[in-house]
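The values are calculated or read from the model by the stated rules, or taken from the named source; none is laboratory data. It should be emphasised that the depicted structure is a prediction, and the values quoted were computed from it without experimental measurement. We place every Cβ from the backbone using ideal geometry, glycine too, and count neighbours over all the protein chains shown.
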Amino acid sequence: MQKIAILGAGRSAGYLIDYLADKSIENNWQVTVFDQNFEGYFLSFGKNENCEFVSTNLSDFHALQEIVVQSDLIVSVLPPSMHFNVARFCVLHKTHLVTASYISPEMKALHEVAVENNIILLNELGLDPGIDHISAAKVIVEIQEKGGEIIGFESYCGGLIREEDCTGNPWKYKFTWNPRNVVLAGQGSHSKWLKDGKEFQVLPMELFANSVTLNVPNFGSFDAYPNRDSLSYLEQYNLPHVKTMLRGTLRRKGYCEAWQVLVDAGFTNDENGQDLTFHNRQEWFSHLTSFSNVQTWLDTLDVNTAIKEKLLYLDLSSDTEKVVENQSHAIILLNILQEKWKLQDSDKDEVVMIHKITYKQNHHTFCHYSTLQVFGEGGAHTSMAKTVGLPLALGAQAILKGQVLERGCLMPFNTTWGAMILEQLKDFDIVFDETTEQLD
């Protein structure tokens, strides 16, 4: 019997847990889920009888190591910062690992020893990164095999909410994944990309000021901002000579300009504020802006009506809301947003992914769009949980069935098993539409 341990039962774990548990009997798997709290999963998905749920402190290295020792494969949906410690134990005890997170330098450094120990550290197998890789590979290879020369690659993804479920919310956004990651988006390193043969890079503090409008046939217009280091994918995607390489994130129109105002004022700062005490939200707001209320502050800013509407909606200067002491400014903002951007049971989220690939063939220039749109079912049955959890589950299944022959630190680009996972996702209505138009 093969033993699977799933670490974490949070927002992205529901479909993952249910798929592996439902397949466990026919595949002779033993599935165990470890976390401190299963309330959210039980309320949303019910308690799957085909797996065991064990309450565990996964920050305890001894407990974590015991789980790895007893498992053949780990699927980690823990915060990205915790993956490396899991991976170290996996390499040591020869246990396979699957995550949806970007490959960190520390994870990459384990590649050689993972190869020596005949194990797989499979990362970047969720939505973005994940489905973006395997779907992009399909189109890139198809174009290159028919003799096309790719000159531009752009890929965008957004975890959104159906516009009709955002009545009264001018941001047209609600949380469908880790809220902390949304508040801290772009922080930590420069974003880099290539556009029309010229390299660009932007500081984290200026990221949202560098958003652009993306118009996509049959999808409409979005805000799009650059995501991390797009230049690293020139080699990974085997596109060393393209003139444009850009990976970005999508938001509804107007989001980025308003969010940049919050960034500029220090509301998203996660480094400061922990040593301060504010008796209420109004004190905190005044500390950051030097104004007593949002309206007075906005009167001094050169911003349009739509931005003012968004900032007023957040009620940042309430004098009735208490603020817990010793929290960063970003965490205080996060607490406010969790009230304002809470996903209701009746809300349906929406995942949109767009690849725009420009190429030359037979002396003509073409633009190929590969687009994905997935809607949630309501409540915790989100399209985000579905598109993150199912690729993880299918990747774990492929490893246990011996379909992943490579070893070491892997990502799913242009692999036979990646193409297989993309095909299997069609059974869950995760399907890309492909269209090509001639530009000249």
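Values for this structure:
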read-out: Any chance R247 is among the basic types (K, R), touching a residue at least 40 places away in the same chain (Cβ under 8 Å) and within 23 Å of I357 (Cβ to Cβ); value: yes
read-out: Yes/no for T167 being without any contact (Cβ under 8 Å) to a residue 24 or more places away in the chain and of a type in the set (S, T, Y); value: yes
read-out: Subset of segment 201-218 that is buried (at least 16 other Cβ atoms within 10 Å of the Cβ) and of a type in the set (A, V, I, L, M, F, W, C) - its residue that is modelled with the lowest pLDDT; value: V216
read-out: Helices (runs of 4 or more DSSP H) contained in segment 275-332 and holding at least 1 residues hydrophobic (A, V, I, L, M, F, W, C) and over 26 Å from K253 (Cβ atoms); value: 281-289
read-out: Check on L439, crowded, with 20+ Cβ neighbours inside 10 Å and either without any contact (Cβ under 8 Å) to a residue 24 or more places away in the chain or not charged (D, E, K, R) (or both); value: no
read-out: Test: residue in segment 232-251 that is modelled with pLDDT of 95 or more, among the basic types (K, R) and over 28 Å from K360 (Cβ atoms); value: yes
read-out: Yes/no for D270 being out of contact with any Leu (no Cβ under 7 Å at 6 or more places or on another chain) and over 21 Å from S318 (Cβ atoms); value: no
read-out: Scope segment 100-112; condition part of a helix (DSSP H, G or I) and buried (at least 16 other Cβ atoms within 10 Å of the Cβ); matching residues; value: M107, H111
read-out: From the options S191, S232, residue that is among the small types (G, A, S), exposed (fewer than 15 other Cβ atoms within 10 Å of the Cβ) and either out of contact with any helix residue (DSSP H, G or I) (no Cβ under 6 Å at 6 or more places or on another chain) or free of Cβ contacts under 8 Å to residues at least 24 places away in the same chain (or both); value: S232
read-out: Strands (runs of 3 or more DSSP E) lying entirely in segment 342-418 (those with 1 or more residues that are touching a residue at least 12 places away in the same chain (Cβ under 8 Å), under 28 Å from L214 (Cβ atoms) and polar (S, T, N, Q)); value: 349-361, 364-375
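Residues are listed down the side, and each one gets a yes or a no for (1) under 21 Å from G14 (Cβ atoms); (2) in contact (Cβ under 8 Å) with a residue 12 or more places away in the chain; (3) touching a helix residue (DSSP H, G or I) at 6+ places or on another chain (Cβ under 8 Å); (4) of a type in the set (D, E):
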position	(1), (2), (3), (4)
F45	yes, yes, yes, no
S55	yes, yes, no, no
L64	no, yes, yes, no
H93	no, yes, yes, no
P105	no, no, no, no
E116	no, no, no, yes
